[in-house]
Amino acid sequence: MKAPAGQVAIAAGVTTVGALILGGSFFLPTGGGYAQVGPGVVPRAVGVVLLLLGAALLREVFTGGFRGVDEAAELHLPMDWPAFAWVSGGILAYGVLIESLGFIFSSTILFVMVARGFNSRRWLLNVMTGLILGSAVFAMFNYGLGLTLPAGVLKGVLP
Amino acid sequence: MDVWAQLMQGFSVALTAPNLMWCLVGCALGTAVGVLPGVGPAVTVALLLPITTKVDASGALIMFAGIYYGAMYGGSTTSILLNTPGESATIVTAMEGNQMAKRGRAGPALATSAIGSFFAGTLATVGLTFLSPLVVELGLKFGPPEYFALMVLAFTTVSAVLGESTLRGLVSLFLGLAIGLVGIDNQTGQARFAFDIPQLLDGIEVVTVAVGLFAVGETLYFASKLNSVDEKLETIKGSIWMKAEDWKRSIGPWIRGTLIGFPFGTIPAGGSEIPTFLSYAMEKKLTKHPEEFGKGAIEGVAGPEAANNASSTGTMVPLLTLGLPTSATAAILLSAFQQYGLQPGPLLFESNSALVWGLIASFYIGNVMLLVLNLPLVGLWVKLLQIPRPQLYAGILVFATMGVYGMRQSSFDVFLLYVIGLGGFLMRRYGFPTAPVIVGMILGPLAEEQMRRSLSISQGNWSIFVTHGISAALLALTVLVLLAPLLVRVFRKRLPAG
């Protein structure tokens, strides 16, 4: 049986993380103090174990796949990449825009993009809902709880 | 002071007006997030952690605990009325409960789960009240090597016993431990895996990880994979009250469910899935109406619901008395304690007894509130299920990003949130459990501290962990837990041959 590519990638990824942590532990002192155990000991152990676990995952992948994961059923559920992209884009746009555009508008953009990812094309409704939700949360936190969410382009316009 | 006096002192804390209000807010919020798909108690408590700077410790912790056990009540409503379960612990309820609803018996199903939850939650709180002082006494005898061994055992049971694969559970645990390593080592001040990025020097916040794994990962998975799956919301027809026969058939399962659930919660195995499955299997065997199972047997709702509530209250025993979190939400509760500079454990019962007993007393009050919130007022929560999915998930993400960004006003955290969300998506897709990540990242640094303390005592001699009796026994138990599935497999192979 051919090994599923996704599972190979996951197992390889875990192995790589283990290798990186193990590598990083060599830059940390492992001795010293009364305990004679420095800050590098636990990272080294975590790195070694993750390497071993990654190898064990690889072994599973090539001997019939991850145990208990029905890869055929998973592949049967089609992956909706546009939906994935809309949700991802919404969060990343929020990270890019929050400081310049401010909380209310970046939340609205996030809201509209995530809703679109779930196949909602009622743009006007989503824009309005996003604006109202964003403004309500902004008001609650900035005037009610005294936290400061960024006003962005509305700086000076809002009290 | 004996238990009664301490409990009375606890009630005097829990019954003050502000604490009653926090309890009600927690229970209501918990029910709401339990009902809503896509958001659970772990994310909610994580997002609310910042209020610890504004609210006093007892108020905030009473509210957080209310969210935790309130979600168990709310989750059953969703699994009865919707064919997709709201919380993982209510999968079994979904099997029988949804069948009952399809046959027009949604009312009695909701009633037996709410009353059963109340019954189990209250009995388990009684158990918590009387068991805690005993465990505290035991815990006072523990030194660093015993605590380290206990934490190693908890790590193992949380990741290896739960879930379908020991291997994938361990991978999740060690990824969590790796996340816990990032930041400044609290014993030497050495920076680890921070790559000179100032935001990483402070360590990765549990809020970012919990929200990323549970809210963002879940939303990505649901949007791209399950959008095509049909959901059907059942309506409540007729009376929600149970008939005499329903009562008669529910009482036994409630009692048995509680007796299964509570011990499972208290041992460091965590999670409420296993006791619900056990209770379901037991009721299926004992019932006088086996033909109804799979088609809406009330016993199959009453038992598992009692079991999951009893076990979630049970997890408070190791959390409060030993500082051992055995579920994702319990781990986040532990970090809530840490926000106040408090460390749950036997010493907390001495130094902050009013706080601890106030919290325990609030469980009695909270369960009464939840019974009222979930039975006469159930119609209110059903309305939440009518929010269309696109707007629901969009709203959840607005709150999720706000909480993560607002913590430090840093857009770095938003990108980190997305990266962890991607990880959560992959874990969900490939069947890795997420709870061990949270437990690992919070308990990991504590375990490392206990380990290095032990080695300070023994001046670097590792044999300290096996020369101390209790610690040696706990470590032996850990090895046994890890090897048990392997041994069973070997035996099964040999059996037919021999």
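The values are calculated or read from the model by the stated rules, or taken from the named source; none is laboratory data. Since the model is a prediction, treat every value here as computed from it, not as a measurement. No Cβ is skipped: glycine too gets one built from the backbone with ideal geometry, and neighbour counts run over all protein chains shown.
May I ask you to verify whether B:Thr326 is surrounded by 21 or more Cβ atoms within 10 Å (Cβ to Cβ), closer than 20 Å to B:Thr129 by Cβ and of a type in the set (Ser, Thr, Tyr)? Criteria met by B:Thr326. Using the structure shown, decide if B:Leu61 is surrounded by fewer than 24 Cβ atoms within 10 Å (Cβ to Cβ) and within 30 Å of B:Gly403 (Cα to Cα). So B:Leu61 does not fit the description; no.
The residue pairs whose first member lies in segment A:62-73 and is more than 7 Å from every other protein chain (Cβ to nearest Cβ), whose second member is surrounded by 13 or more Cβ atoms within 10 Å (Cβ to Cβ) and assigned to a loop (DSSP other than H, G, I, E, B), and whose beta carbons are closer than 8 Å, counting only pairs six or more residues apart or on different chains, are A:Phe62/A:Ala3; A:Gly65/A:Ala3; A:Gly65/A:Pro4; A:Glu71/A:Pro4; A:Glu71/A:Gly65.
Residues of segment B:320-343 that are under 11 Å from the mean Cα position of the chain (by Cα) and in a helix (DSSP H, G or I): B:Ala328, B:Thr329, B:Ala330, B:Ala331, B:Ile332, B:Leu333. Out of A:Ala136, A:Ala151, one residue alone is exposed (fewer than 14 other Cβ atoms within 10 Å of the Cβ) and more than 20 Å from the chain's Cα centre (by Cα). It is A:Ala136. B:Glu273 fulfils the conditions (1) surrounded by 24 or more Cβ atoms within 10 Å (Cβ to Cβ); (2) touching a Leu at 6+ places or on another chain (Cβ under 9 Å); (3) not hydrophobic (A, V, I, L, M, F, W, C) except for a single criterion, (1). Residues in segment A:74-84 that are part of a helix (DSSP H, G or I), facing chain B (nearest Cβ under 8 Å) and not charged (D, E, K, R) were compared, and the one that is nearest to the chain's Cα centre (by Cα) is A:Phe84. Being of a type in the set (S, T, N, Q) and within 7 Å of another protein chain (Cβ to nearest Cβ) is the filter; apply it to segment A:1-51 and report the residue that is farthest from the chain's Cα centre (by Cα). Ranking the qualifying residues of segment A:1-51, first place goes to A:Gln36. Count of segment B:412-422 residues, restricted to those that are more than 9 Å from every other protein chain (Cβ to nearest Cβ) and either closer than 17 Å to B:Val39 by Cα or assigned to a loop (DSSP other than H, G, I, E, B) (or both), is 1. How about segment B:5-54: which of its residues are touching a residue at least 12 places away in the same chain (Cβ under 8 Å), assigned to a loop (DSSP other than H, G, I, E, B) and more than 24 Å from the chain's Cα centre (by Cα)? Hit for segment B:5-54 is B:Leu15, nothing else. Given the structure, is A:Leu57 at the interface with chain B (Cβ under 7 Å from one of its Cβ atoms), modelled with pLDDT of 90 or more and crowded, with 21+ Cβ neighbours inside 10 Å? Taking the combined requirement at face value, the residue satisfies it. Taken as a whole, segment A:85-95 holds at least one residue that is surrounded by fewer than 21 Cβ atoms within 10 Å (Cβ to Cβ) and either at the interface with chain B (Cβ under 7 Å from one of its Cβ atoms) or in contact (Cβ under 8 Å) with a residue 60 or more places away in the chain (or both).
Filtered by the rule that a residue be at pLDDT 95 or above and among the β-branched types (Val, Ile, Thr), segment B:415-436 gives B:Val419, B:Ile420. Residues of segment A:104-129 that are over 18 Å from A:Ala85 (Cβ atoms) and facing another protein chain (nearest Cβ under 7 Å): A:Ser107, A:Thr129. Looking only at residues in segment B:459-482 that are surrounded by fewer than 19 Cβ atoms within 10 Å (Cβ to Cβ) and assigned to a loop (DSSP other than H, G, I, E, B), the one that is nearest to the other protein chains (Cβ to nearest Cβ) is B:Gly460.
In segment A:139-148, the residue that is farthest from the chain's Cα centre (by Cα) out of those that are within 10 Å of chain B (Cβ to nearest Cβ) and part of a helix (DSSP H, G or I) is A:Leu145.
Summed over segment A:31-76, residues that are among the acidic types (Asp, Glu) and within 23 Å of B:Ser458 (Cβ to Cβ) total 0.
Only one of the listed residues (B:Gly121, B:Gly107) is crowded, with 24+ Cβ neighbours inside 10 Å, in a helix (DSSP H, G or I) and of a type outside the set (A, V, I, L, M). That residue is B:Gly121.
Per the conditions (1) at the interface with chain A (Cβ under 9 Å from one of its Cβ atoms); (2) crowded, with 20+ Cβ neighbours inside 10 Å; (3) outside any helix (DSSP H, G or I); (4) not charged (D, E, K, R), the sole criterion not satisfied by B:Pro433 is (1).
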